[in-house]
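The values are calculated or read from the model by the stated rules, or taken from the named source; none is laboratory data. In this text, all values refer to a predicted model and were calculated from it rather than measured experimentally. Cβ placement follows ideal geometry from the backbone for every residue including glycine, while neighbour counts extend to all protein chains displayed. All accessible areas refer to the heavy atoms of the entire protein, side chains included, with ligands and DNA or RNA removed. Shrake-Rupley method; radii C 1.70, N 1.55, O 1.52, S 1.80 Å.
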Amino acid sequence: MILRKQFLEHVGQTSPSPMMIEVERAEGSFFYTPDDKRYFDLVAGVSVSNVGHANPDVIAAMQRQAADYMHVMVYGEMVERPQVEYARSIAELLPGELNCVYFVNSGAEAVEVALKLVKRHTGRTELISMRRAYHGSTHGAMSMMGTPEGEEWKSEFRPLLPDVKSINFNSFEDLKQITERTAGVLCEVVQGEAGVRLPNPEWLKALRERCTEVGALLIFDEIQTGMGRTGEMFACSKYGIEPDVICLAKAFGGGMPLGGVAAKRKVLDSFTHSPCLGHITTFGGHPVCCAAGLAALNYLKNNNIVESVESKGALFESLIKDHDKILEIRRSGLLLAVELGKSEYLYRLMEIFKEEGIMSDWFLYCDTAFRISPPLTISEAEIEECCTIIRRSLDRL
Ligand code: PLP
C-alpha cells in the first residue's frame with residue numbers, strides 16, 4: 001500500500017489512471033504480484049520479452065558482462081566484444097547487403113538516428129511516414145506520427161520537424177508523393193499501434209520500387225516486429241523486401257534498453273565525416289545490454305523459437321475466434337489484435353482481465369481491440385489455458 005502511494009507521489013506519470021499492478025517477480029510467460037497473484041503476460045512489455053521473463057541465458061550473460069566491465073567510454077570509441085559479436089550476429093541475419101549496426105538506447109533514438117541518416121546521406125530534407133504510424137515520443141519520432149490520427153498526440157508539442165508528410169499505408173496512389181525531394185520514407189512493416197494492420201505485399205514491393213526510382217531511402221521500423229515477433233527474425237524477410245535502413249529496439253535488447261539502426265556500411269559511414277560525430281550517444285550499445293541482446297538472439301536460434309511463432313499465433317487465433325464478442329482477429333505471427341468493435345467492451349474487458357489474471361492492453365490508435373503479444377516462448381499448454389481464461393472473460397462482458 002505504501003509503495004503504491006509513493007509510486008503516485010514520486011514517480012512521474014503519463015496517465016491519470018495507471019494500472020497500479022505491483023510486480024514482485026516475473027518468469028517465462030507470467031509475472032506475479034506480492035500476494036502471489038499470477039498474470040499471463042500478453043503484452044510482454046510491449047513486444048520486449050520475446051525470450052520469456054527471467055531467461056536464464058540472458059541473466060547469466062548479463063552477470064558475466066557486468067563483472068567484466070560495464071560502461072567504459074562513449075559509444076564508438078572502444079572495441080567492446082559484446083557490441084562486435086552482437087553486430088556481427090545481426091548482420092548475418094539481416095536481408096541483402098545490410099551489414100552494419102549503429103547501437104543506441106531505445107526505439108525513439110533509433111528512429112532519430114535513421115531520420116538524420118537519410119537526410120545526411122541524400123542531402124535532401126523531406127521525410128515521409130504513414131498515417132496511423134507510431135515511431136516513438138521524442139520530437140523527431142513524434143513528428144513522424146501519421147496525421148490526422150497522430151494529431152491528438154502531437155498538437156500540444158508543436159512546432160515539430162518541418163518538411164514531414166504522411167501518406168496512407170497500402171495506398172498505391174499515395175506512392176506518387178514520394179519524389180526526388182524525399183530523403184527517406186519511414187514505415188512499419190506491420191503497423192503495430194494502428195491495431196496490427198498488415199501490409200499488402202504488392203504495395204510493399206511498389207514502395208520499395210518507388211523509393212529506388214526517386215533515390216529516397218526506405219527505412220523499416222522493425223522495433224515492434226523484429227526479433228521473431230511475426231514468425232521471421234525480421235518481418236521484412238516475410239515479404240522479401242530489403243530496405244535501406246532498419247530500426248530495431250524493444251526485444252533487440254533481450255529485456256534491456258537497447259536500440260539499433262542497421263544499414264550498409266557505406267550509408268552508416270555518413271556519420272563519420274562532414275561533420276564527423278553525426279550522432280553521438282553516451283550509453284548507446286551498453287556492453288551489458290548488448291550481452292543480453294546477443295544471449296537472447298542465441299536463445300531464439302538455439303531453441304528454434306522463431307520457427308514456432310506462426311503455429312502458436314494460429315493456435316491463439318483458432319481457440320478464440322468463434323467467440324461471439326470477437327468481430328475480427330488481425331494477426332502477424334504472435335502479434336494479434338482481437339477486435340471487439342466497441343471501446344466500452346474493451347475498457348470493461350481490461351477490468352475483467354485484471355481480475356482473471358491476464359495482462360493485455362489496447363493500441364494507441366485502436367481502443368476497440370485488445371493486444372496479444374506474449375513472450376515467444378509461451379507453450380501450447382499455456383496458450384490453451386490462457387484462451388480458456390480469455391473466453392471466460394469475454395463471456396462476462
Ligand atoms: N516504433 C514502434 C513501431 C514502436 O512500437 C515503438 C514503441 O512502442 C517505438 C518505435 C518507440 O520505441 P521506444 O518506446 O523504445 O522509444
In a Gaussian network model of the chain with springs linking alpha carbons closer than 10 Å, the residue among 359, 233, 350 that fluctuates most is 350
Using the Karplus curve 6.51 cos²θ - 1.76 cosθ + 1.60 with θ = phi - 60°, what ³J(HN,Hα) values do you get for each residue of the range 90-99, in whole Hz, with x for Gly and Pro? 5, 4, 5, 9, 5, x, x, 9, 5, 9
Around residue 153 (Cβ within 14 Å, Cβ-to-Cβ, excluding residue 153; K/R +1, D/E -1) the net charge comes to -2
Could you pull out every residue, at least 5 positions away or on a different chain, whose amide H is within less than 5 Å of the one on residue 166? Hs are placed 1.01 Å off N in the peptide plane, and Pro or chain starts have none. 129, 147
Under the definition of Cα pairs under 8 Å and six or more residues apart, what whole-number percent is the relative contact order of the range 234-304? 32
Where N is the number of residues in the range 1-140, Cα Rg divided by 2.2 N^0.38 Å: 1.37
Starting from one equal scatterer on each C-alpha and no solvent at all, send me the Debye-based log10 I(q)/I(0) for the range 237-329 at q = 0.13 Å⁻¹, two decimals. -0.70
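Evaluate the range 265-397: find the radius of gyration of its Cα atoms, find its Kirkwood radius, and give the ratio Rg to Rh.
On the way: Rg = 20.1 Å, Rh = 17.6 Å.
Taking Rh as the inverse mean 1/r over Cα pairs, Rg/Rh reads 1.14.
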MRE, 222 nm, helices only [DSSP H, n ≥ 4, -39500 (n - 2.57), over the chain, to nearest 500]: -11000 deg cm²/dmol
In the structure displayed, which of 205/238; 301/321; 165/264; 37/354 lie more than 20 Å apart, Cα to Cα? 301/321; 165/264
Per DSSP, the loop-located GluC sites (Glu not before Pro) within the range 62-91 having at most 15 other beta carbons within 10 Å are 77
Which net charge results for the neighbourhood of residue 27, defined as the other residues with beta-carbon distances under 15 angstrom from its beta-carbon, given Lys and Arg at +1 and Asp and Glu at -1? -2
Can you give the % of DSSP beta bridges in the range 56-302 that are antiparallel, to the nearest 5? 40
Residues other than residue 213 with Cβ under 14 Å of its Cβ, Lys/Arg counted +1 and Asp/Glu -1, net out at +2
Relative to the first principal axis of the alpha-carbon coordinates of the chain, what is the inclination of helix 287-302, with its axis defined by its Cα atoms, in degrees from 0 to 90 and to the nearest 10? 70
When only Cα pairs under 8 Å and 6 or more residues apart are kept, what is the percent relative contact order across the chain? 23
What is the percent carbon and sulfur in the accessible area of the range 56-302, measuring with a 1.4 Å probe over the protein chains and ignoring ligands? 54
How about the range 54-147: which chymotrypsin sites (Phe, Trp or Tyr not before Pro) there are in a DSSP loop, with at most 13 other Cβ atoms within 10 Å of their Cβ? 69
Note down, for the range 166-252, the three equivalent ellipsoid semi-axes (square root of 5 times each alpha carbon gyration tensor eigenvalue), biggest first, whole angstrom. 21, 13, 11
For the chain, modelled as a GNM with alpha-carbon contacts under 10 angstrom, which of 380, 126, 156 fluctuates the most? 156
Amide proton proximity set for residue 125, modelled H, under 5 Å, gap of 5+: 183
Karplus-derived 3J(HN,Hα), 6.51/-1.76/1.60, for each residue of the range 369-375, Hz, glycine and proline x: 10, 9, 8, 10, 9, x, x
Please turn the phi angles of the range 67-74 into ³J(HN,Hα) values with the Karplus equation 6.51 cos²θ - 1.76 cosθ + 1.60 (θ = phi - 60°), one per residue in order, whole Hz, x for glycine and proline. 6, 6, 6, 10, 7, 10, 7, 3
Specify the residue with the greatest mean-square fluctuation among 212, 122, 272, computed from a Gaussian network of the chain linking alpha-carbon atoms under 10 Å apart. 272
Using the Cα gyration tensor of the chain, the equivalent ellipsoid's semi-axes, largest first and to the nearest Å, work out to 33, 26, 21
Where the centre of each part is set by its Cα atoms, how far does the range 197-274 sit from the range 1-76, in angstrom? 27
